[in-house]
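What follows is a short report on a single structure.
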Amino acid sequence: MSFCSDFILIPWQEDFIFTLSSLIMKETEGQPNKALVVFPHSRPARYLREAFYKNQTIPKPVLLPECITVQELRRLICSKALKNKANTIGLLDQLGFLHQIILELKKEAPEFSSLHKLPLDDFSLFLPWGVRLINLFEDCWQQNKDPENLDFLEGEVQEYASALLASLRAISNKYSLLLQEKKLTTNGFEAFKAAAVISELDNYTASGYSKINGIIPNWTQNFLVNKKILLAGFYNLEETEEVIFKGLWRHFDTKLCLHSAPELLEGLENIHCLEHSALIKRWGARVEGFSLNPKSFNEKTKQKPTLRIWEGYDLHSELTALRHEFDSAKNVDIFLETSGSVTQSTVLESTAVILPYTELLLPTLHTVPNKDVNISMGYPLAHSSLLRLIDLIMRLRENVNIKEQMSSLTRETIQENPDNLMYYWKDLQELYRNPLLKALNHPELGSFASLLQKLETKLLEGEPYISIDVLLNKIQNERFDEGRFSPAERDAIFLLHKICLKNFAQISTAKELSLALVEFVLFLQEHAESRAKSLDPLQMTNLWEHFSLDAECLYRLLQKIIPEFANSVLSDKTLPIFALFALLRNILEGERVPFEGEPLTGLQIIGFLEARLLNFKKLFILDLTEDKLPGNPPQDPLLPEALRAELGLSSRAEREDMLAHHFWRLYAGADEVVLFTRSEQSAGALLDERKQRSRFIEELIWEAEQEKGRLLQPEQTQENILEKNELKYKEDDPLRIILSDVKGIKRNFISIPKTQPFIIKILKQLEQGGVSATFLDAYLRCPFRFALERLAKLKEFEGVNEEDDPREVGKLLHQVLCDFFKPYLNKVIEKQELDFNELKSIFLKRLNELKSEVHLPADSWLMLEVTGIERLRRLIENFPETTQILHLEHSIHGELILNLKDKQLFLEQSSTFSTVLKNKTTLHCKLYGVIDRVDQRAGEVYILDYKTGSTPKIKEQFWKDEELWERLEKWNKEIYFDKNKSCDSEGLELFNLVSDSVESLQMPLYLYMLNKTSKSQYEHLKNAFWVELSESSTENALFSDKVSDEFLSEILDIKLPVLLEFILIHLLFSPFFYSRENRSCKYCAFMSSCKPNIL
């Protein structure tokens, strides 16, 4: 007897699940408990229970139908028909068995075969190909195919792949036989066996047996017999699904329920339901319509959903538009609530935000205004804090530096001795900053956070690559009374490093990795308890109660992942540590936690595939771009897309057709659809594709343009208008473009008020500590930065130096030149007397001494040695023919007296300054500096300063601008405070002019102090030179040869005092510390404080 019932088509404008509840009542004649409903996934069963509750036409109470997924159906068929329960095999066992099988085949293969040449001894090389081979077998079994050999593919795929594909049949046969013998299975193999079991039903019919005679397999009793089987909502069946479903359809009371376009009833096709049309033709079935609203089958009465399309320029702009949509609907919700017609929960009950990929979940939760939402999607556990910590531990081990030891030690020797492992400091810093470790609790120390912070401080004192034993020995040998680590802290540090580093340093088998993971998990569990300061046992809490996602990870590790590593066929096999970590990552990346939103009311946030068969009246679909929907599946090096058809496997086009059907089904069943997409002018990264609209949106736009008979005219909206919810748009065209509201940026003048504490510090420095050229240069470059660095004593974060250290290089060359020229002090030197080899020897000696004190990369030391010698050689070449060195590293001191009598008007107007400077008529400012070298040449004195960096410049026109010098001199005497502008506008303008013209006050300050000294040897002070050691090692003069002796005297006697007085008065009396933009801004630690001002 053959049943072969009609297919039932529910039009996709209707709620499939709700209509299905009425269909079940009809098909079972009011006894739904006799129905067996098979769904593609588990989510629709929840909605079906809710539909039975809400369907007013169904009498209550009622026994619900049995609902299972297609995967559960396959499992039931195998368990009942084959009478043995097969265990699902893990990834490690699959890889181990496949590796053994291929090794056996390799021994049997001829020497000239490609399989014989495979390097199977190195399991790390086999690992990625083994994972791909497993996936290939799964695809073949799902499509009910026995894999066939693919020969002569050399040159088409990689050699490893061509060797495996050429022996595909033999590998598959041995693998299938092994799974059966060991009573193991996989999802694909289970589907393959279930299809074979159902195919056997045809043998009964062919032998003349029938259901009426009672001659049917016993395993179908109480399972398929006397059941009304409804196969609900399937599209694009896999081959095993089609074999199983067709067998059930022919031999049992089974109906296929399609949720599809209504025109299929009339024998017409819909481009988005081609698989349904093809299925109907293949099976030769008739189609019967079922609807709660007969008008759904009438083409003329169909209404399209209200459509809006938001096109942004990035994800943030999409989320801004989503928030605008919710804000716009808020007023409607409030009206409906106050009118008593409907509650807000009812308004949101059939509203869903569809996410094409899981990374959108957290940004979406942050955006939606109603935080009490239901989430229905699988979320990767790899995104959890715990698994990220495990990945960090693996990266720490993978990034160890073994280059220095490789010359004398093999990798195996290094693995045996973890002391040779040098960990990268940034990885260790990331470990010490890990929030999960910081949240742990120590019974004596409390939170681990303070301990990890101290550890990080210790870490920054070391080198880029650090031996853990060296670090721990330093901690062990430190005295506690020096304020470092207590004994309890040391014990905790040793335990932490053992758990996170040393246990993972020497592993060579999967079992050893499992033991390291067990100890890591036990450490987390032991230190997860936290207690309030009162030590009340009732206030004891557990960390995992607050981090449920990480608690799920912990459970999966203990119950699934660790046992798999401990008990698989690969557990005792010696493997490279990188292969072990690759295995662990592969398994962790496959772990997902299903979010099942309960109850089924309110706003639903749901994944795209999780929304199959579900209907929502209002839909929001985020980030609908071509690379996400339909998306681009990754290329498979083992079996490229072009070769899949050779094995009868599904193609990329079939996958895209399935996704298109799901999208248009959701679209057809909604009343209002809001789509969010983005278009980018260029790709984000070098190999990234440019974001563009999904083909689904392009089709909707095309349809809208066909209806209107014109191109759409999208409205362009600034993002800031969306954020303020001020958008007023027309309803004519659905497309809306979101424009970036970022405008040109200019650096705003940020300032700090000059309060009394600042003034007191400045006075103390001027009168007691003294000021140097570096001090004044810092103020001249940027008063804002000067205040934070020099007065507030804020320090830049100091990490481990991995690059060159210009300051240490400068100190090195200064010391070398001082040592070299000391024997020539106060002597007349002829250029030919200077011995370059002696200078080179001094340099190399000092360089070796520096290596023990300063940590630089090896390439930096090498470059410094080469370039340093070359710089010194050029210095000797450019040395003057005759000179006399008067001083080396010469310390000089001076004083500048500021007259405060003429500042009384200013002081009276500013209480801040008058309080501090009360009764002061003069201010004695101490000056000091260290001159690298003072030379006498032809009776004239010159100052020389060595520069290993860029050479500062002072514009020559600056000294000749008489108008500027008159203004400076006038301001020095008549400083005033403009209350209306809240600043000293004249002083600020003059300061900017000086700062733009003078890059450094160093040489002017030295000339001023030497000029004021009473020593007769400085009477013929002529000029100052910067000796440029960075490139040519030439001498760059402060004043050109065009400057006459008379003008030089004017500069030294008149203009330099005016200039220095101006800087010091401005430092003391300017009401604010202003920020200035200059070329040193990119090196400033406080650059983020100078926030840009939007034009």
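Against the criterion of being within 45 Å of the chain's Cα centre (by Cα), free of Cβ contacts under 8 Å to residues at least 24 places away in the same chain and in a helix (DSSP H, G or I), residue 321 does not qualify.
Can you tell me which residue within the range 1026-1040, out of those that are modelled with pLDDT of 80 or more and charged (D, E, K, R), is surrounded by the most Cβ atoms within 10 Å (Cβ to Cβ)? By that ranking, first place goes to 1028.
Among the residues of the range 70-91, those that are surrounded by fewer than 17 Cβ atoms within 10 Å (Cβ to Cβ) and of a type outside the set (A, V, I, L, M) comprise 71, 72, 79, 83, 84, 85, 87, 88. Among the criteria (1) outside the structural domain of residue 923 (by TED's automatic domain parsing); (2) among the small types (Gly, Ala, Ser); (3) at pLDDT 75 or above, the one residue 744 does not fulfil is (3). Can you spot a residue in the range 118-129 that is within 34 Å of the chain's Cα centre (by Cα), over 16 Å from residue 185 (Cα atoms) and assigned to a loop (DSSP other than H, G, I, E, B)? Scanning the range 118-129 turns up at least one residue that is within 34 Å of the chain's Cα centre (by Cα), over 16 Å from residue 185 (Cα atoms) and assigned to a loop (DSSP other than H, G, I, E, B). Of the candidates 94, 142, 180, the single residue that is surrounded by 21 or more Cβ atoms within 10 Å (Cβ to Cβ) and within 19 Å of residue 568 (Cα to Cα) is 94.
Would you be able to say whether some residue in the range 767-780 is more than 30 Å from residue 1078 (Cα to Cα), of a type in the set (Val, Ile, Thr) and either assigned to a helix (DSSP H, G or I) or in the same structural domain as residue 929 (by TED's automatic domain parsing) (or both)? No: zero hits.
For residues that are part of a strand (DSSP E or B) and at pLDDT 80 or above, tally how many sit in the range 1042-1095.
Taking the range 1042-1095 and keeping what is part of a strand (DSSP E or B), we get 1072-1074, 1092-1094.
After this cut, where a residue has to be at pLDDT 80 or above as well, the list is 1072-1074.
Going through the range 1042-1095 one residue at a time, the tally reaches 3.
Scanning the range 598-643 for residues that are buried (at least 18 other Cβ atoms within 10 Å of the Cβ) and assigned to a helix (DSSP H, G or I) yields 610, 611, 628, 629, 630.
Scanning the range 951-965 for residues that are surrounded by 13 or more Cβ atoms within 10 Å (Cβ to Cβ), over 46 Å from the mean Cα position of the chain (by Cα) and assigned to a loop (DSSP other than H, G, I, E, B) turns up just one, 961.
In the range 31-70, what residues are assigned to a helix (DSSP H, G or I), without any contact (Cβ under 8 Å) to a residue 40 or more places away in the chain and among the basic types (Lys, Arg)? If you could, list the steps in order and put the result at the bottom.
Step one: filter the range 31-70 for residues assigned to a helix (DSSP H, G or I), giving 32-34, 43-54, 70.
Still in the running and without any contact (Cβ under 8 Å) to a residue 40 or more places away in the chain: 32-33, 45, 48-49, 51-54.
If the condition is that a residue be assigned to a helix (DSSP H, G or I), without any contact (Cβ under 8 Å) to a residue 40 or more places away in the chain and among the basic types (Lys, Arg), then 49, 54 are the ones that fit.
For (1) modelled with pLDDT under 85; (2) closer than 15 Å to residue 529 by Cα, each residue gets a yes or a no:
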site: 435; (1), (2): no, no
site: 438; (1), (2): no, yes
site: 449; (1), (2): no, yes
site: 452; (1), (2): no, no
site: 457; (1), (2): yes, no
site: 460; (1), (2): yes, no
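In a residue-by-residue description of the range 36-57, the property of being under 21 Å from residue 286 (Cα atoms), crowded, with 16+ Cβ neighbours inside 10 Å and either of a type in the set (A, V, I, L, M) or modelled with pLDDT of 90 or more (or both) applies to at least one position. Screening residue 480 against (1) among the aromatic types (Phe, Trp, Tyr); (2) modelled with pLDDT under 85; (3) buried (at least 20 other Cβ atoms within 10 Å of the Cβ) leaves a single unmet condition, (3). Selection of first residues in the range 822-834 that are touching a residue at least 12 places away in the same chain (Cβ under 8 Å) and of second residues that are part of a loop (DSSP other than H, G, I, E, B), restricted to Cβ pairs under 8 Å at least 6 apart or on distinct chains, gives the following pairs, ordered by first then second residue: 830/881; 831/879; 831/880; 831/881; 834/879.
The values are calculated or read from the model by the stated rules, or taken from the named source; none is laboratory data. Small disclaimer: the values here were computed from a predicted structure and weren't measured. Heads up, the Cβs are rebuilt from the backbone with ideal geometry, glycines too, and the neighbour counts pull from every protein chain shown.
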